[in-house]
Amino acid sequence: MSVMARRPLVRWVVPGAVLAAVVGAGVVASTQAGASPDLPPRTAAQLLVDVYTARLDGASGTVVERADLGLPALPDAIAGAGSSTDLNSLITGSHTLRVWYSGPDKARVALLGATGESDLIRNGQDLWIWSSSGNTAQHTKLGGAAQNKTLPVDPSQLPVSPQQAADMILSALNPTTSVSLGPTTTVAGRGAYQLVVAPKDTRSLVERVTIAVDAQKRVPTQVQVFAKGSGTPAFKIGFDQVNFTRPDASRFQFTPPPGTKVNEADQDQNKAPGQGPNTLPALPSGKDQKQLPAQPSGQDKTMVVGTGWTSVLVARLPEAAAAPGGKPSTGAPASALGDLGPLLNNLPTVSGSWGSGRLLQARLFSVLITDDGRILIGPVSGQQLATVAGDPAAALK
Amino acid sequence: MSAVETAIAPAGPAAATAVVKPPAFSTRFFRSELWLIFGRRRNWIGLAVLAVVPIVLTVAVKVSPPGGDGGGGEAGSFVSQITNNGLFVALVALLFEMPLFLPIAIAAISGDAIAGEANLGTLRYVLSVPVDRTRLLLVKLAAQAVFALAATLLVAGVGALLGLAVFGSGPVVTLAGTTIGFGAGLWRLLLVCAYLTVCLIGFGAIGLFASSLTEQPIGATIAVMLLCFASEIMDAIDQLSAIHRYLPTHYWLSFVELMRDPVDFGRLVPGLLSALAYLAIFGSAAWARLSSRDVTS
């Protein structure tokens, strides 16, 4: 009789065991993601050579990008009208992309939204940007010059021996950057080495950048950027799943479906960030970090102060938008800064001998917008930025 | 009471075999359960409400076609395709109904499954037939699954037929901007229905467990609905992203993956596993509860 009385409770062992099994399977699956496999030893210099000489014939997979830059919440008008599939929305939150790559002139990136997607398709000289939510497509015919630029490394300039390459890379990095080998890791279920790149200048907000290099294919499969004093990456992009077979050529053909609004764009007008041909292969690349100051140096109104990991970009704002301290500019040209007016007024004010301005302090970089219409951006603290603002070189006179 | 009840229960099947030898496998109980679900007028009305959504949608899009910029918010991708191909009425209807109408229907059926019988006083008659409690549970789950499939197919079917009649059939444009044939599009719509059915079966298991806890069917239904809404609200809060993948509703809208090109079936696996996990956990919990419960009514 007592056994009978106890039996009802014994039955609850079954759902308990099922729950434990489900949770256990989940835990096992998640611990495998970052496991450190045993890989043949390889030095940092060898890995650098590997990355620079590896030829990626083709790949496809899923890329997960996560940005936690510590930015204030952006108004919808700037963050892409709240649409999760806007190609400019990558600066905040987590995103999933599907990528297909088959050489520098054939690539396709699909940014997956909850119920839509945006695709960027490069096939030879054709560049298509498709948005499912608007049922729109933008077509750009790329010139011959742009095609060359997409090659990350010009093959003719490659050093003849791997050792020479390692020496070249290390000597180029050495003054500002230390390169070391991190623990091995697992990315997309594949064993990978990890390169740890850290600035030698401690004033930089970037503490270190880790680049996972696939043990077999020797291409970067994950990049993590850590801000100073933080254990979780401020920015992370890497393969969730990857397949190194060359995708079918038909994957890169795009014909606008019937009923689509097609915009024909000239190459010159296509300078929006994230849409230029340079950024097209959105594969994780170890060279991403240095893009910040590199781009607009051709113009008169910009200036790079400092070097390496503490270089600060100084630029002059368009006249109409340059009223951060006062009212939100009403007559601003279609620039995003016009909409940023109210946001700027919530930012703390800093001042110095150079005047005063508003400071935006994010985890990896700071932005200072001065009352005299300059904008300073750099991977340094706000204090450092204010010092640079007083630098005569940054006056842009 | 518990001691008495459990003491009698094992004697049941033994006595039954002595009197009438039941066939090894009979669908009679299952058929009567289906009749119970599909024969009730309130369930007809529920199904009719489900079918109204694609009808309203068709009328709305016909009267005012979507502008060039989509404008349909999250559903914009599909809404802008409706005028090209009527099949998309079915997809948009499923997209609209999945967060609210379909779970309500499943919650009503599953909440009623055991508590309803207990409330009407028929549960003890069923058990004294005798029907093994495990079999009772399996039959209830199976009938629920049939209802989930029927509800999903009803929404999709009404949407597709009406959409094709009003807007005609053209090429099916995937989310990636590529075009697939009509047959392939129809096949994908069926796969969408199958995926959503699995999701709803997992959700229904929670309802069955809630139903085994009480004798008030409406209580079980409301409890499961609250759980569904709470899960959807938590899913929308970014700060809770760490627990999102454990929420029962988190993967429901992943059926959209089936409209990408090429379809990455791997991205449907988490949703299917999540539904199966909920089915296993709450199905076994309902079994533990029902088989140890005193049935007094």
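Summary table
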read-out: In Hz, Karplus ³J(HN,Hα) per residue of the range B:37-48 (6.51, -1.76, 1.60; θ = phi - 60°; x = Gly, Pro); value: 7, 8, x, 7, 5, 5, 6, 4, 4, x, 5, 5
read-out: Whole-number percent relative contact order across the range B:75-152, with pairs defined as alpha carbons under 8 Å at least 6 apart; value: 28 percent
read-out: Computed accessible area, B:L95, all protein chains, 1.4 angstrom probe, square angstrom; value: 10 Å²
read-out: Distant-in-sequence amide H partners of A:A227 (H built 1.01 Å from N, under 5 Å); value: A:E207, A:A234
read-out: Largest to smallest principal axis extent of the C-alpha atoms in the range B:145-297, angstrom; value: 59, 37, 23
read-out: Pairwise Cα inverse-distance average, inverted: Kirkwood Rh of chain B (Å); value: 20.7 Å
read-out: Estimated inter-spin distance, A:E264 and A:D126, nm [label 7 Å along Cα→Cβ]; value: 1.4 nm
read-out: Computed E for A:R55/A:S180 - FRET, C-beta separation, R0 30 angstrom, nearest 0.05; value: 0.70
read-out: Mean separation of Cα contacts under 8 Å, 6 or more apart, over the residue count of the range B:220-297: relative contact order %; value: 19 percent
read-out: In sequence order, calculated HN-Hα J values of the range B:94-101 (Karplus, 6.51, -1.76, 1.60; Hz; x Gly/Pro); value: 5, 4, 6, 7, 5, x, 10, 5
read-out: Total formal charge among the other residues, if their Cβ is under 11 angstrom from that of A:V314, Lys/Arg +1 and Asp/Glu -1; value: +2
read-out: Estimated FRET transfer efficiency when R0 is 30 angstrom, pair A:D248-B:A194 (beta carbons, to 0.05); value: 0.65
read-out: Charge context of B:W287, other residues only, Cβ under 9 angstrom, K/R +1, D/E -1; value: +3
read-out: 11 Å cut-off, amide nitrogen to a point 7 angstrom out along A:L69 Cα→Cβ, residues in the range A:352-367; value: A:362-367
read-out: Spacing of the two label points (7 Å from each Cα toward its C-beta) at B:T214 and B:I243, in nm; value: 2.1 nm
read-out: Gaussian network model of chain B, Cα within-10 Å springs - most flexible of B:A223, B:A286, B:A107; value: B:A223
read-out: Backbone HN-Hα couplings from phi across the range A:183-193 [Karplus 6.51/-1.76/1.60, Hz, Gly and Pro as x]; value: x, 5, 8, 10, 10, 6, x, 10, x, 8, 7
read-out: Highest average packing first - B:122-135, A:186-199, Cβ atoms within 10 Å; value: A:186-199, B:122-135
read-out: Spacing of the two label points (7 Å from each Cα toward its C-beta) at B:S169 and A:Q32, in nm; value: 4.2 nm
read-out: Relative contact order [Cα under 8 Å, 6+ residues apart], chain B, whole percent; value: 24 percent
read-out: Computed E for B:I180/A:S353 - FRET, C-beta separation, R0 56 angstrom, nearest 0.05; value: 0.30
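The values are calculated or read from the model by the stated rules, or taken from the named source; none is laboratory data. Nothing here was measured: the structure is a model prediction, and the numbers come from that model. Here Cβ is always computed from backbone atoms with ideal geometry, including for glycine, and neighbour counts include all displayed protein chains. The area values use the complete protein model at the heavy-atom level, side chains included, leaving out ligands, DNA and RNA. Shrake-Rupley method; radii C 1.70, N 1.55, O 1.52, S 1.80 Å.
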